[in-house]
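The values are calculated or read from the model by the stated rules, or taken from the named source; none is laboratory data. Everything numeric here is computed off the predicted structure, so don't read it as measured data. With ideal geometry, Cβ positions are generated from the backbone for all residues, glycine too; neighbour counts draw on all protein chains shown. What goes into the accessible areas is simple: the full protein's heavy atoms, side chains included, and nothing from ligands, DNA or RNA. Shrake-Rupley method; radii C 1.70, N 1.55, O 1.52, S 1.80 Å.
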Amino acid sequence: MARVNNWQLGREMSYWYPESRPQRQFAAVFDTNKCIACQTCTLACKTTWTSGRGQEYMLWNNVESKPYGFYPLAWDLKLLEMLNGGAWNGNKYEGQTIFESAPAGERVLGWRPEQQDYAYPNVGEDDCAGQVDKGAGMMSLPHMNWFFYLARICNHCTYPACLASCPRGSIYKRPEDGIVLVDQGRCRGYQECVKGCPYKKVFFNPMTGTSEKCIACYPKMEQGIQPQCFVNCIGKIRLAGYISKPGQERAENPIDYLVRIRKIALPLFPQFGLEPNVYYIPPIHVPLSFSRQLFGPGADEAVKAYRNAANDADLSSLLCLFGSSEQVMTRWSRQGDLVSGLDDKGSTLVRVPRNEPVFTRPAYDKLYQITRTNCP
Amino acid sequence: MLRIALVVALSVVVTSCSRGPVMTTEVVAVPAQKPVATPADGAWDSAPEHVAKLLVQDLVEPRLMKPSTAEVRVRALQNGGEMAFRLDWKDGTQNDLPGPAKFLDGCAVQIPEKVEVNPPDPQMGSAGHPVQITFWRADWQASVNGRKDDIHSLYPNASVDHYPFQAHSLEPGSAAQKEMMQRYAPAQAMGNRRVGPREFPVEAMMAEGPGTLSPGAGLLARGAGVRTKTGWQVVLVRKAPAGLSAKVRTQVAFAIWEGSAQEVGSRKMRTGWIPLALREAK
Ligand code: SF4
Ligand code: SF4
């Protein structure tokens, strides 16, 4: 085991391989407050990559309703229990990561979902049968009447547990963009990665006998185009780009700005220790104790900053770039009430207003002398 | 008097029946007329049996922490060019369906590539000291025995609306249809031998240390396995080790995977090196 720096934990940790950060790291920000769980992202991915034999059950992208939704079943609860929760002291994680708590004979602390654990994605997750102030009537569990949608893809972690778990070295992290891939020629289907990935984002394909996972649509990213689940997102909750190495962040990089400078977007379960690279703007209507468990100690401040975004010209402008262009915007700038997304060379890809003009259409159209309604 | 004679005659028969195979402390490959690839062939009766005790693989991560299969009974035949091993072991569960969190019964024979005074590391060899491995898996056997290569063979109740390669615009069996199928099976596109139907349930491989397993190009691999009342009986056929003769011994090691115990890859029961001797035809 090597000692590596994990900025999300505020400390060093043990990892199977020495620290080797890619030239640039694929990263994304998801705004949970805007997701409507339409699952368009799920289908965009499914039709593009996992429509083959043996892939029927696979959702490289899934959207689950938290706190009671999971794919696969209880994926996060199981590991949290195995990790004994994990404790933070301010911004420093003092519990153990999945690498540090690996049992004898294992490379990481993990567990393997059974087949049926994949069988019910999003079934009944947000069926809330009670009154808001009384809790859900249908369950004897303390089921609170709040929930939010958590869209999940592979986190293309800086310290991937899938990669560390593979005894064959069949999983690699691309030095040029940090995308984590399973070499389909080399994989022998041991499913160690399925066991090792805490986010359960590697899937065994029984027809090819190999494990498969999200590839961050790398053929698109190589062309400067965002992945399928990003460009098809109805709620415009997603922004893909690259995060800089710790200490090298630049305010003109949208991901750096949201994650490292404004700290409004947070990693999912940073305490697992993988330095995941999909960052979430936490939901603002959810108990903070829950958000802290999911997104770490930065949740309180992130929620505060987001609630104040309307008064914050830079932040609200940048949030308007989400879903505004198919292309990867590696830079951004604001000119008054306009915000621009730019590419590496500084060419403008898109320019959008910070405030969309609002038109109110009168119900009665005087010109044509008819009444229009929005509903049939 | 007659009764006593009868009792004596009977006891001789019983003794000869219960004597069973000749047991050896090493694996001795005896001559056979032809290469033998089926477990039931009568030629196996002429081969002595070696009972190899199995150890947990607890040297490299991921390790097997709990022992499963205790021993494997081994016989070997050779006909000059080829060598066949028959492995018999107890296994109460038949695990031949692949799937998430489902693992497969299997077995393997490992032999150093070269006859060396100091054999390679018994745990998959070492750099510069390769080992050759012949590997059998229960799901490949099921495929050879006629299990269809489709999702319904694994999940009889599966309901699939549509695969892209079933589009009306693609003629069944056409190159365009195959291409469409391969788009969603990258392992197949890469030529990974884990995919698809097989002619033999066995594959040949090379290794130079843990994690280095690669296809054993040009190495012969044939064989067959059958389910017995108590477990599996599998024949693995490979080329006779180069340089091996009645005067020179080499080494052999065995491994067994118990699917129901989630054994896979390096999580296996295995032996250390066992001397492998050759008995030539008289
Ligand atoms: S989320 Fe899982 S599959 Fe993706 S890189 Fe991290 S450990 Fe690997
Ligand atoms: S497409 Fe966007 S809004 Fe719809 S479920 Fe996916 S992430 Fe949420």
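If the elastic network links every pair of Cα atoms under 10 Å, which of A:187, A:229, A:154 fluctuates the most in the Gaussian network model of chain A?
Among A:187, A:229, A:154, the largest GNM mean-square fluctuation belongs to A:187.
How big is D for region A:274-322, in µm² s⁻¹ as a whole number, if Stokes-Einstein is applied with the Kirkwood radius of its Cα pairs at 25 °C and 0.890 mPa s?
Working: Rh = 11.7 Å.
D = 209 µm²/s.
Principal axis lengths of region A:2-281 from Cα atoms, whole Å, largest first?
Principal extents (Cα only, largest first): 52, 46, 44 Å.
Can you list the residues, at least 5 places off or on another chain, whose amide H is less than 5 Å from the amide H of residue B:29, using H built in the peptide plane?
Result for residue B:29 returns B:277, B:278, B:279.
Could you give the angle, 0 to 90 degrees to the nearest 10, between helix B:2-18's Cα long axis and the longest principal axis of the Cα atoms of chain B?
On a 0 to 90 degree scale, this one is about 40.
Rolling a 1.4 Å sphere over the protein heavy atoms, what is the accessible area per residue of chain B, to the nearest Å²?
On the way: 14070 Å² over 282 residues.
Counting only protein heavy atoms, the per-residue value for chain B is 50 Å².
Hand me the trypsin sites (Lys or Arg not before Pro) from region B:121-187 located in a DSSP loop with no more than 12 other Cβ atoms within 10 Å, in residue order please.
Values: sites: B:137, B:147, B:148, B:178, B:183; in loops: B:147, B:148.
Answer by residue number: B:148.
Once R0 is set to 25 Å, what does the formula 1/(1 + (r/R0)^6) return for the Cβ-Cβ distance between residue A:304 and residue A:11, expressed as a FRET efficiency to the nearest 0.05?
On the way: r = 25 Å, r/R0 = 1.00.
It comes to 0.50.
Quick one, can you get me the convex hull of the C-alpha atoms of the protein assembly as shown expressed as volume per residue in Å³? Display every interim value, and only then the final one.
Values: hull volume 157.5 nm³, N = 658.
Hull volume normalised by residue count: 239 Å³.
Apply 1/(1 + (r/R0)^6) to the Cβ-Cβ distance of residue A:19 and residue B:59, taking R0 = 25 Å, and write down the FRET efficiency to the nearest 0.05. Walk me through the numbers before you get to the answer.
On the way: r = 27 Å, r/R0 = 1.08.
According to the calculation, E is roughly 0.40.
Can you give the % of DSSP beta bridges in region A:2-281 that are antiparallel, to the nearest 5?
On the way: 28 of 32 bridges.
Here the antiparallel bridges make up roughly 90 percent for region A:2-281.
Please compute the modelled spin-label separation between residue A:312 and residue A:100, points set 7 Å along Cα→Cβ, answer in nm with one decimal.
Taking the two extended label points, one gets 3.0 nm.
Volume per residue, Å³, of the convex hull around the alpha-carbon atoms of region A:241-289?
Working: hull volume 4.4 nm³, N = 49.
With only Cα atoms used, region A:241-289 gives 90 Å³ per residue.
Of all the accessible heavy-atom surface of region B:153-194, with the other protein chains kept in place and a 1.4 Å probe, what percent is carbon and sulfur? All intermediate terms of the calculation are to be shown ahead of the outcome.
On the way: 1500 of 2910 Å².
Carbon-and-sulfur percentage of accessible area, whole number: 52.
Over region A:314-376, with a single point scatterer placed on each C-alpha, what log10 of the ratio I(q)/I(0) does the Debye formula yield at q = 0.17, 0.21 1/Å?
-0.62, -0.75
What does a probe at residue B:126 reach in region B:59-87, counting residues whose amide N is under 20 Å from the point 7 Å along Cα→Cβ?
B:59-62
State the Cα centre-to-centre distance between region A:181-235 and region A:41-69 in whole Å.
Distance between centres, Cα-based: 11 Å.
Using only helices, what value at 222 nm comes out for chain A when you add -39,500 (n - 2.57) per DSSP H run of length 4 or more and divide by the total residues, to the nearest 500 deg cm²/dmol?
Numbers: 9 runs with 60 residues, N = 376.
Estimated from H runs of four or more residues: -4000 deg cm²/dmol.
Using 1/(1 + (r/R0)^6) with R0 = 22 angstrom and r between the beta carbons of residue A:74 and residue B:157, what's the FRET efficiency to the nearest 0.05? Walk me through the numbers on the way to the answer.
Working: r = 24 Å, r/R0 = 1.10.
In this case the efficiency is close to 0.35.
Debye calculation, C-alpha points only, no solvent: report log10 I(q)/I(0) for region B:169-251 at q = 0.15, 0.18, 0.19, 0.20 Å⁻¹, in the same order as the q values.
-0.85, -1.01, -1.05, -1.09
So what is Rg over Rh here for region B:153-194, counting just Cα atoms and using Kirkwood for Rh? Don't skip to the answer; put the middle values down first.
Details: Rg = 12.0 Å, Rh = 11.7 Å.
With Rh from the inverse mean 1/r over Cα pairs, Rg/Rh is 1.03.
Can you give me the accessible area per residue for chain A, using a 1.4 Å probe, in Å²?
Working: 15710 Å² over 376 residues.
Heavy-atom SASA per residue in chain A reads 42 Å².
Check which residues have an amide H placed less than 5 Å from residue A:350's amide H, if you skip close sequence neighbours.
A:341
Is the shape of region A:140-265 best called rounded, prolate or oblate, per the rule: a/c under 1.5 gives rounded, else a/b larger than b/c gives prolate, else oblate, with a ≥ b ≥ c the square roots of the Cα gyration tensor eigenvalues? Don't jump to the answer; show the numbers that get you there.
Numbers: a/c = 1.75, a/b = 1.21, b/c = 1.44.
Oblate, because a/c is 1.5 or more while a/b does not exceed b/c.
Using 7 Å Cα-to-Cβ label points, what is the residue A:350/residue A:234 separation (nm, one decimal)?
So the two model labels end up 1.8 nm from each other.
Extending each Cα 7 Å along its Cβ direction at residue A:360 and residue A:261, get the distance between those two points in nm, one decimal.
Inter-label distance under the simple model: 3.7 nm.
Restricting to Cα atoms and excluding each atom paired with itself, what does the Kirkwood estimate give for region B:102-237 in Å?
Every distinct Cα pair counted, the radius reaches 17.5 Å.
State the volume of the convex hull built on the alpha-carbon positions of chain B, expressed per residue in Å³ and rounded to an integer. The partial results should precede the final answer.
Working: hull volume 53.2 nm³, N = 282.
It is 189 Å³ per residue.
Taking GluC sites (Glu not before Pro) as exposed when DSSP calls them loop (any state but H, G, I, E, B) and at most 12 other Cβ atoms lie within 10 Å, what is the longest stretch of chain B free of them, the sites themselves excluded? Show your work: numbers first, answer last.
Numbers: sites that count: B:116, B:199, B:280.
Counting only loop sites that pass the neighbour cut-off, the longest clear stretch is B:1-115.
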